[in-house]
Amino acid sequence: PLFSAAGSRLARGLCRASLGLSVNYLRTLLSIAGLCMSVATANAQDVAPGQLFPGQLLNIKAPDSVGWKLLKASPTGMNFYRSGNAANESYVAMVRAFKLPETANQAEFVALVEKGFEALPKQFEVLKAKHEYVAERGYPCARTAALLKDTQAFSGRESLNIQWYALICRHPYQRDLGFEISFSHRGGALDSNLEREAIAFAQGVQVTDK
């Protein structure tokens, strides 16, 4: 398994969001953020800031702030959730693995990541999105920053915004395996600190040493 067996037992059976191919990763995120909160608040398990979940291929740390809960843990992913201070406000941090097709160069890798936005439900309007290749980890990765509007969810009279940051990488030891580290905020107002929190969460997810 990708993640530890102990971690898998913590939230088995909760909010069974689909973990499919890479083109569905944003749909997965939105299903967690928008549809599973009643399950989360009733059954999710508290985690300590920066709590480590070691695995065979990835070591994962929970977000380094208070109030986070573990929504789901399985051999292919972990989902964390935190309520915001405002009504209808929530945060989701997610790590998941998926089969990743071969790509010939950096441009093809980024193009593959961009396909994640092609199958979004019509209720989500993409206000802006940026995808770029990054080499800082020493293996292929692409960073995505996006702002979407959920036209069917409201805080007062205003529709809810979804800020979303992600790092999608090819595993250096298993080339047919991709993994995504994402961090999102859903609420009426934007969170100006979200990018910093997203970067910190991504730094807490590292490939396990051989």
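Side notes on the structure shown:
- Filter pass, LEU160 being in contact with a strand residue (DSSP E or B) (Cβ under 9 Å, 6 or more places away or on another chain), open to solvent by less than 70 Å² (accessible area, probe 1.4 Å) and over 27 Å from SER65 (Cβ atoms): no
- Taking the listed residues LEU190, LEU167, the one that is open to solvent by 30 Å² or more (accessible area, probe 1.4 Å), aliphatic (A, V, I, L, M) and either at pLDDT 90 or above or out of contact with any Lys or Arg (no Cβ under 8 Å at 6 or more places or on another chain) (or both) is LEU190, with no other qualifying.
- Matching residues in the range 84-109 - criterion: being β-branched (Val, Ile, Thr) and more than 26 Å from PRO63 (Cα to Cα): THR103
Residue-wise test of (1) touching a residue at least 40 places away in the same chain (Cβ under 8 Å); (2) in contact with a helix residue (DSSP H, G or I) (Cβ under 9 Å, 6 or more places away or on another chain).
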{"residue": "GLY138", "(1), (2)": "no, no"}
{"residue": "ALA166", "(1), (2)": "yes, yes"}
{"residue": "PRO172", "(1), (2)": "no, no"}
{"residue": "LEU177", "(1), (2)": "yes, no"}
{"residue": "SER184", "(1), (2)": "yes, yes"}
{"residue": "SER192", "(1), (2)": "no, no"}
{"residue": "GLU195", "(1), (2)": "yes, no"}
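- Taking the criterion of being surrounded by fewer than 16 Cβ atoms within 10 Å (Cβ to Cβ) and not in a loop (DSSP other than H, G, I, E, B), the only residue of the range 47-65 that qualifies is LEU52.
- Any hit, the range 28-45, residues being modelled with pLDDT of 50 or more, assigned to a loop (DSSP other than H, G, I, E, B) and crowded, with 23+ Cβ neighbours inside 10 Å: yes
- Candidates GLN123, GLN206 - the one that is polar (S, T, N, Q) and either modelled with pLDDT of 90 or more or under 18 Å from the mean Cα position of the chain (by Cα) (or both): GLN206
- When the range 193-210 is filtered for residues that are open to solvent by less than 60 Å² (accessible area, probe 1.4 Å), closer than 19 Å to CYS141 by Cβ and not aromatic (Phe, Trp, Tyr), the ones remaining, listed by number, are GLU197, ALA198, ALA200, ALA202, GLY204, VAL205, VAL207, THR208.
- Scanning the range 176-187 for residues that are of a type outside the set (Val, Ile, Thr), open to solvent by less than 10 Å² (accessible area, probe 1.4 Å) and out of contact with any Cys (no Cβ under 7 Å at 6 or more places or on another chain) yields GLU180, SER182, PHE183, SER184, HIS185, GLY187.
The values are calculated or read from the model by the stated rules, or taken from the named source; none is laboratory data. Since this is a predicted model, take the numbers as computed values, not measurements. Here the Cβ is made from the backbone with ideal geometry for all residues, glycine too, and neighbour counts use every protein chain on show. For the accessible areas, the whole protein counts, side chains as well, though only heavy atoms, and no ligand, DNA or RNA atoms are used. Shrake-Rupley method; radii C 1.70, N 1.55, O 1.52, S 1.80 Å.
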